[in-house]
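Here's the structure, in structure tokens; my notes come after.
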Amino acid sequence: MKYPSIGVVIPTRDRPGLLKRAIASVRRQDYPGVLRIIVVYDQTEPDWRLAVADDPAVMVLANWRTPGLAGARNTGIMALDTDLVAFCDDDDVWHRSKLHKQVAFMGDAPFATCSMEVEFEGRVHPRLAFKNRVRIADLARSRMAMLHSSSFLARREALLPGGAIGPVAEDAPGSQNEDWDLLIRAARVAPIVHVDEPLVRVLWGRTSFYANEYGTKISSLRWMMARHPEIVRCGAGAARVYGQLACWSVAAGDRRNAWRWAGRTVRANWREPRAVIALAALSRLTSVEKVLGSLHRRGHGI
């Protein structure tokens, strides 16, 4: 078998210790084909000392596109000349067989993912999809968090401007939900091939730059709804997003809009649990942050 060449894009910003851990996990892959790594520094001075000439080589670049995660990923994609491109966030790590298993299962598909395990406060929780093909209807109903961006593997030509899928969306507010957007666009081209094994370990908690940026979370969700009408047309999917908007609004202190989004959540799907969270927070029985911490300890989020 001739194995396709793979370029791995690792965007980074001010997390040197975690970055070295991520690079090491990629370099330890048992993948028998050509493997290259590009570390893209976003809004911070690159550490050129991380460049490695030995196989697999590590290249260091500065983000020359739109500041943010999306621009950094596109910088890496456009600097590569490999058959496939994979993403790995700088605070995540891969299991040794990640790429080998994905390539073996991918076939001619343009886009592949795998499941993840969440590490939070020293505990690890697997998140599985219980399916091996993911379609637009699945992604309209749920973000499917187990399809983390650090699991993405795609044909590079499909992610170039004018390609079948296109680049990562640099107009996503705060570069949030750009991964969900990319999944939906990929699923429009063909069902996403999914390896339902937790081959990526995702670190949750304090490492996120956007953990408490509620305004950005709200803007990015509204951007998603405007961009993908499939979400709005799916009752359960719309209720899920409305419920998140209600939760982030009350966390941001915007009680008026929190009540409005909570009402839309109930009307779209009265069983949606995020409505309960938002209403409990609005009634001051709890806080969104407290509920989120409890969910994180179980490997879930709002």
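Residues in the stretch 258-272 that are crowded, with 20+ Cβ neighbours inside 10 Å and among the charged types (D, E, K, R): 1 in all. Does the stretch 83-97 contain at least one residue that is farther than 20 Å from Leu199 by Cα and surrounded by fewer than 20 Cβ atoms within 10 Å (Cβ to Cβ)? The answer is yes; a qualifying residue exists. Quick check: is even one residue across the stretch 249-258 closer than 24 Å to Glu178 by Cβ and either touching a Leu at 6+ places or on another chain (Cβ under 8 Å) or of a type in the set (Ser, Thr, Tyr) (or both)? The answer is yes, given that some residue of the stretch 249-258 is closer than 24 Å to Glu178 by Cβ and either touching a Leu at 6+ places or on another chain (Cβ under 8 Å) or of a type in the set (Ser, Thr, Tyr) (or both). Screening Thr207 against (1) over 24 Å from Ala112 (Cβ atoms); (2) in contact with a helix residue (DSSP H, G or I) (Cβ under 7 Å, 6 or more places away or on another chain); (3) modelled with pLDDT of 95 or more; (4) in a loop (DSSP other than H, G, I, E, B) leaves a single unmet condition, (3). Here Thr113 qualifies as of a type in the set (Ser, Thr, Tyr), buried (at least 18 other Cβ atoms within 10 Å of the Cβ), over 22 Å from Leu18 (Cα atoms) and touching a strand residue (DSSP E or B) at 6+ places or on another chain (Cβ under 7 Å). Please go through the stretch 14-40 and give me each residue that is touching a helix residue (DSSP H, G or I) at 6+ places or on another chain (Cβ under 8 Å) and surrounded by 17 or more Cβ atoms within 10 Å (Cβ to Cβ), ordered by number. Correct list: Leu19, Ile23, Gln29, Tyr31, Gly33, Leu35, Ile37, Ile38, Val39, Val40. Residues in the stretch 49-64 that are in a loop (DSSP other than H, G, I, E, B) and surrounded by 18 or more Cβ atoms within 10 Å (Cβ to Cβ): Pro56, Asn63.
When the stretch 26-48 is filtered for residues that are within 19 Å of Asp81 (Cα to Cα) and either part of a helix (DSSP H, G or I) or modelled with pLDDT under 95 (or both), the ones remaining, listed by number, are Val26, Arg27.
The values are calculated or read from the model by the stated rules, or taken from the named source; none is laboratory data. Everything numeric in this text was worked out from a predicted model, so none of it was measured. Here Cβ is always computed from backbone atoms with ideal geometry, including for glycine, and neighbour counts include all displayed protein chains.
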